[in-house]
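Okay, structure first, notes after.
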Amino acid sequence: MHRVRVGAGTTWPGAALWIEGTPVEETGPDASEISPGSQAELMKEYKALTTSWLRKRGAWQVVDRVQQIDEVAQLADNSGYFPFLTVTQRLELLETLDPVARLKLAMGWLREHLAEQDVAESIAKDVQDGVDKQQREFLLRRQLEAVRKELAELNGDSEDESGDYRARIEAADLPEKVREAALKEVDKLERASDQSPESGWIRTWLDTVLELPWNRRTEDAYDIRGAKEVLDADHAGLADVKERITEYLAVRKRRADRGLGVVGGRRGGAVLALVGPPGVGKTSLGESVARAMGREFVRVALGGVRDEAEIRGHRRTYVGALPGRIVRAIKEAGSMNPVVLLDEIDKVGSDFRGDPAAALLEVLDPAQNHTFRDHYLEVELDLSDVVFLATANVLEAIPEALLDRMDLVCLDGYTEDEKVTIARDHLLPRQLERAGLEPGEVTLEEAALRKLAGEYTREAGVRNLERSVARLLRKVAAQHALGERELPSLSARTSCDRSSADRTTPPRPPRTRPSGAPPSRAWSPGWRSPAPAATCSTSRRRWPTPRRVARGSC
């Protein structure tokens with residue numbers, strides 16, 4: 001094989017083309033740069049790479065031909081047959097006169113091609129392994145479904161899960177729109193694959209819908225006198241709340257006796273806001289109201305809630321989506337007309353996740369809550385027959401729009417006589433049981449309770465009074481264990497006097513008042529006794545002139 005440099009050309013009669021060619025002599029490698037032994041190693045490495053590439057293509061005859069070449073120039077020129085070389089690379093190979101350089105050039109291109117081919121084969125192998133795994137999993141799941149079907153036929157159960165859900169929906173007493181929505185989701189479940197995440201969302205949604213008590217309601221106890229007696233027995237005072245509950249039951253009883261239905265598609269659920277200082281019995285009042293009405297009771301703590309989804313629920317497409325607290329309360333109660341206590345509604349916050357107080361507007365609005373729609377359920381839920389009781393400590397912290405939808409009942413606190421009654425009928429029996437004492441072993445006279453309520457506690461509620469009673473009973477139990485006291489005995493006055501370190505006395509006004517300050521007293525709902533009010537002086541008073549300090553001095 002010889003190289004010829006192509007020159008000018010001309011046409012000839014007979015459609016022939018004559019081209020001028022100049023023979024080109026190949027330049028051999030310099031002996032100082034590469035030795036014959038190095039050439040042999042280079043040829044051996046090139047043959048190994050070429051043989052590996054040809055074997056992958058299955059060209060075994062070409063492998064034998066390449067192995068028989070012994071000249072460097074011929075071996076380098078043979079690389080021009082590589083199909084992966086571009087036109088530019090082939091021209092560069094022809095223009096290189098040094099056979100060793102030409103062989104090195106071809107060897108570099110062959111290495112690059114083999115590396116790319118290895119990467120492509122690795123990717124193809126991974127893809128094939130993934131496809132094989134999916135096919136194997138598909139076949140195994142099909143076999144598992146067939147086995148489950150055979151077992152279901154043997155046991156007499158439903159053949160598939162979607163059929164089970166469909167049967168449960170048909171058997172459940174669901175509203176018409178809820179039933180249609182549930183059947184649509186069952187159709188999606190039948191079309192969805194078991195590997196699809198949507199099938200898991202649908203199953204969870206169907207379970208939630210089927211667990212809700214759509215048409216289950218408890219019958220109200222229309223014994224008005226009995227309900228009033230229950231409220232009076234559980235709580236002393238709080239006449240406004242008791243009167244409002246009694247009015248609600250009386251109206252419901254009269255409408256039921258006269259056969260009157262719902263008003264405009266809505267029932268007459270009450271929404272009461274109990275506002276007062278801590279310890280006046282707002283939370284415990286909800287249980288008494290539920291017991292007086294014969295309904296289920298559920299408490300929903302709203303203190304510190306900042307996410308709107310806690311009220312309205314999450315979208316089903318979110319990971320870990322759940323219905324809102326209102327829907328979960330209905331589910332927990334097991335009826336559609338429970339007494340739901342929204343505790344600490346004044347401590348609801350708001351941030352970038354939304355305003356829960358704004359989401360409560362539809363819940364507490366009697367004109368809207370009969371069509372309440374949770375983001376998770378996406379079906380209408382009737383809350384018009386639910387009695388909502390909201391508790392708060394500070395009236396100003398409740399949003400105005402939310403307060404406008406509730407009946408406000410203010411609980412300023414208990415008088416001293418009411419505290420004594422509560423301590424005698426409720427606090428003392430409970431603390432006797434907690435202290436491990438029998439009712440006949442310790443007796444607290446009314447004078448002792450009045451002394452505790454008047455001189456040892458200064459609050460609107462009765463929590464500190466209960467702590468004082470518990471402290472006395474603990475002292476009695478400890479003294480009896482040490483042999484210092486025999487039971488049953490308790491001197492009310494001496495026991496109270498021994499705790500004189502905790503005694504509180506009402507503040508007294510100063511004997512001499514500042515010049516120009518009129519005597520005045522103020523009353524606070526948290527303190528059931530007069531307290532001195534802040535005064536401001538109107539008389540002129542000469543104050544000493546401030547001393548000037550030189551600039552730069554300390």
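The values are calculated or read from the model by the stated rules, or taken from the named source; none is laboratory data. Note that the structure is predicted; figures quoted are calculated from it, not measured. So basically every Cβ, Gly included, is an ideal-geometry build from the backbone, and we count neighbours across all protein chains shown. In case anyone asks, the SASA skips ligands and DNA or RNA and just uses the protein heavy atoms, side chains included. Shrake-Rupley method; radii C 1.70, N 1.55, O 1.52, S 1.80 Å.
Looking at the structure I just gave you, is Arg316 within 13 Å of Val386 (Cβ to Cβ) and part of a loop (DSSP other than H, G, I, E, B)? No; evaluated as a whole, the condition is false for this residue. Residue pairs whose Cβ atoms lie under 8 Å apart, separated by 6 or more positions or on different chains, with the first residue in the range 61-72 and under 10 Å from Thr50 (Cβ atoms) and the second open to solvent by 90 Å² or more (accessible area, probe 1.4 Å), are Val63/Arg55.
Of all residues in the range 70-88, exactly one satisfies the criterion of being surrounded by 11 or more Cβ atoms within 10 Å (Cβ to Cβ) and more than 15 Å from Arg102 (Cα to Cα), namely Phe84.
Being basic (Lys, Arg) and touching a helix residue (DSSP H, G or I) at 6+ places or on another chain (Cβ under 8 Å) is the filter; apply it to the range 41-69 and report the residue that is surrounded by the most Cβ atoms within 10 Å (Cβ to Cβ). If you could, list the steps in order and put the result at the bottom.
Pass one, the range 41-69, residues basic (Lys, Arg): 44, 47, 55-57, 65.
Retained after the next criterion (residues that are touching a helix residue (DSSP H, G or I) at 6+ places or on another chain (Cβ under 8 Å)): 47, 55-56.
On the way: Lys47: 15, Arg55: 12, Lys56: 12.
Selected residue: Lys47.
Scanning the range 292-304 for residues that are part of a loop (DSSP other than H, G, I, E, B), touching a Lys or Arg at 6+ places or on another chain (Cβ under 8 Å) and open to solvent by less than 40 Å² (accessible area, probe 1.4 Å) yields one hit, Leu302.
Scanning the range 442-472 for residues that are open to solvent by 40 Å² or more (accessible area, probe 1.4 Å), under 17 Å from His426 (Cα atoms), not polar (S, T, N, Q) and not in a helix (DSSP H, G or I) turns up just one, Glu445. What number of residues in the range 207-232 are surrounded by 14 or more Cβ atoms within 10 Å (Cβ to Cβ) and within 20 Å of the chain's Cα centre (by Cα)? Number of matching residues: 2.
Select from the range 244-254 the residues that are out of contact with any strand residue (DSSP E or B) (no Cβ under 7 Å at 6 or more places or on another chain) and of a type outside the set (Ser, Thr, Tyr) and write down the one among them that is surrounded by the most Cβ atoms within 10 Å (Cβ to Cβ).
In the first step, residues of the range 244-254 are kept if they are out of contact with any strand residue (DSSP E or B) (no Cβ under 7 Å at 6 or more places or on another chain); the result is 245-254.
Narrowing the set further to residues that are of a type outside the set (Ser, Thr, Tyr) leaves 245, 247, 249-254.
Numbers: Ile245: 25, Glu247: 12, Leu249: 21, Ala250: 13, Val251: 12, Arg252: 18, Lys253: 15, Arg254: 11.
Across the range 244-254, the extreme among qualifying residues is Ile245.
Candidates in the range 89-99 are the residues that are free of Cβ contacts under 8 Å to residues at least 60 places away in the same chain and open to solvent by less than 90 Å² (accessible area, probe 1.4 Å); of these, the one that is nearest to Gln117 (Cα to Cα) is Gln89.
Mind listing whichever residues of the range 315-327 are touching a residue at least 12 places away in the same chain (Cβ under 8 Å) and hydroxyl-bearing (Ser, Thr, Tyr)?
So in the range 315-327, the residues touching a residue at least 12 places away in the same chain (Cβ under 8 Å) come out as 315-317, 321-327.
The one that is touching a residue at least 12 places away in the same chain (Cβ under 8 Å) and hydroxyl-bearing (Ser, Thr, Tyr): Thr317.
Residues in the range 194-225 that are touching a helix residue (DSSP H, G or I) at 6+ places or on another chain (Cβ under 8 Å), modelled with pLDDT of 85 or more, assigned to a helix (DSSP H, G or I) and not hydrophobic (A, V, I, L, M, F, W, C): Arg203, Thr208, Glu211.
Whether a residue is within 19 Å of Ala301 (Cβ to Cβ) and over 26 Å from the mean Cα position of the chain (by Cα) was assessed, and Val340 does not pass this test. All of (1) of a type in the set (Asp, Glu); (2) modelled with pLDDT of 70 or more; (3) not in a helix (DSSP H, G or I) hold for Glu41 with one exception: (3). Anything in the range 328-361 that is touching a residue at least 60 places away in the same chain (Cβ under 8 Å), surrounded by fewer than 22 Cβ atoms within 10 Å (Cβ to Cβ) and touching a helix residue (DSSP H, G or I) at 6+ places or on another chain (Cβ under 8 Å)? List them, or say none. Result: Lys331, Met336, Asp343. Taken as a whole, the structure leaves Leu402 outside the set of residues that are open to solvent by less than 20 Å² (accessible area, probe 1.4 Å), touching an Asp or Glu at 6+ places or on another chain (Cβ under 8 Å) and modelled with pLDDT of 85 or more. Scanning the range 233-243 for residues that are assigned to a helix (DSSP H, G or I), surrounded by 16 or more Cβ atoms within 10 Å (Cβ to Cβ) and modelled with pLDDT of 80 or more turns up Asp234, Lys242. Residue by residue through the range 405-436, note down the ones that are part of a loop (DSSP other than H, G, I, E, B) and at pLDDT 85 or above. Selection gives Arg405, Met406, Ala435, Gly436.
Residues in the range 405-424 that are of a type in the set (Gly, Ala, Ser) and surrounded by 22 or more Cβ atoms within 10 Å (Cβ to Cβ): Ala423 alone.
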